[in-house]
1. Past the 19 Å Cα-Cα mark, which pairs from 162/220; 26/301; 26/70; 160/197?
2. I need the Debye-formula profile for the stretch 249-311: one equal scatterer per C-alpha, no solvent, reported as log10 I(q)/I(0) at q = 0.18, 0.24, 0.29 1/Å, two decimals.
3. Starting from the Cα-Cα distance between residue 229 and residue 193, subtract it from 0.36 nm times their residue separation and give me the gain in nm to one decimal.
4. On C-alpha positions alone, give me the angle between the axis of helix 65-75 and the longest principal axis of the chain, in degrees, nearest 10.
5. Taking 0.36 nm per intervening residue step and subtracting the Cα-Cα distance, what contour gain separates residue 75 from residue 249 on full extension?
6. With N denoting the number of residues in the stretch 222-337, provide Rg(C-alpha) divided by 2.2 N^0.38 Å, to two decimal places.
7. Any chance you could list P(r) for the stretch 215-263, counting all Cα-Cα pairs in 5 angstrom bins from zero, rounded to whole %?
8. Hey, what does the equivalent ellipsoid look like for the stretch 72-201, semi-axes from the Cα gyration tensor as sqrt of 5 times each eigenvalue, largest first, whole Å?
Amino acid sequence: MRDDHIHIVIPMAGLGTRVRPHTWSKPKPLMSLAGKTVLDHILDTFKTLPGSEELDLVFIVGKMADQIEKHMQTNYPGLNVHFVEQPEMRGQSHALWLAREYLHGPMLMVFSDTLLETDLSFLAQETADIVAWVKPVPDPERFGVAQLNNEGWVTRFVEKPKDKSNNLVVVGFYYFKRAEDLLSAIEEQMKRNIQLKGEYFIVDALNIMLERGLKVRVEKVDVWLDAGVPQTVLETNRYLLEHGRDNSEQITNNHNSVIIPPVFIHPSAEVRNSVIGPYTSIGAECRIESSIVRGSILDDKAAVINAILDASLVGRHVHFERHPATINIGDDSVITL
């Protein structure tokens with residue numbers, strides 16, 4: 001890997017338990033959102049990065065890594081991607097430690113269910129040792145926050161704070177001027193055995209870096225989207241459709257159907273005698289007949305016939321027929337009533 005531009009690390013070995021049953025058969029980064037996978041949307045974030053045409057990517061993977069590899073080979077054949085396996089879930093810092101042979105010089109790390117809108121072009125002139133992206137939220141006690149001094153520099157990161165007066169939540173997106181500094185802190189973290197419930201969290205490595213005098217600042221974002229639980233997956237799908245992913249004006253052959261924007265309907269999907277939308281995404285080769293589908297996501301090759309679906313997640317190759325419902329159904333399932 002080259003050391004003259006930024007390397008990007010995406011830990012994605014987690015089991016995705018909060019979005020089961022979908023993650024029984026595919027990794028969470030390959031869940032569908034507004035016509036693309038979660039991973040595709042994450043990679044779009046780096047289009048403003050200096051040197052984005054030659055990204056160096058490190059994916060820390062677990063089960064079903066072959067699906068991630070196939071997706072990258074099919075859709076991003078020109079990108080330089082290294083895969084590192086994390087066979088047991090021992091936390092974010094542990095994942096990065098496993099990938100240490102690929103981490104040199106400037107580095108970005110993003111969690112695999114973190115979608116945000118940010119312009120990364122400033123990194124070409126960045127002088128801080130670390131940049132942590134944050135978003136003010138009304139309920140910071142559910143997250144980790146960055147504490148700042150009067151000059152605006154970070155003094156400490158705190159997980160699940162009881163004090164609501166500091167609402168700068170860390171969103172899971174970080175820049176490190178030198179990956180070597182992070183790896184040294186992780187080594188110290190593991191030496192001290194600073195962990196929680198058997199996992200090493202990156203926030204503890206960051207606090208060690210602060211102890212060592214490294215300069216850390218925050219970068220605020222207005223848009224931070226989550227794909228970690230079914231409800232937020234649907235909310236994020238809605239936002240993306242409202243902000244550029246709607247393709248309703250490109251749908252010319254709707255086969256006696258009503259399309260209520262915003263929606264995304266893959267060109268290969270077949271929709272007949274149905275009402276689609278709003279806030280609905282229909283994947284490739286889906287088939288919808290005599291149905292109403294709103295506020296939902298249908299993954300590739302799903303079939304919905306004589307049904308009403310609302311606020312639902314439907315996996316690949318699902319066949320759903322004759323039932324009004326809100327469902328969360330994984331791949332290769334059949335429901336007929």
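1. Beyond 19 Å: 162/220.
2. Calculated log10 I(q)/I(0) at the listed q: -0.49, -0.94, -1.50.
3. Full extension of this stretch gives 10.0 nm more.
4. Between helix and principal axis, roughly 70 degrees.
5. Here the answer is 60.1 nm.
6. Compared with the compact-globule rule of thumb, the stretch 222-337 sits at 0.98.
7. The calculated distribution, bin by bin, is 5, 16, 18, 15, 15, 12, 9, 4, 2, 2, 1, 1, 0.
8. The equivalent ellipsoid of the stretch 72-201 has semi-axes of 25, 20, 16 Å.
Readers should treat all values here as calculations from the given coordinates under stated rules, not as data from a laboratory. Since the structure is predicted, the reported quantities are computational estimates derived from the model, not experimental observations. Neighbour counts run over all protein chains shown; Cβ positions are idealised from the backbone, glycine included.
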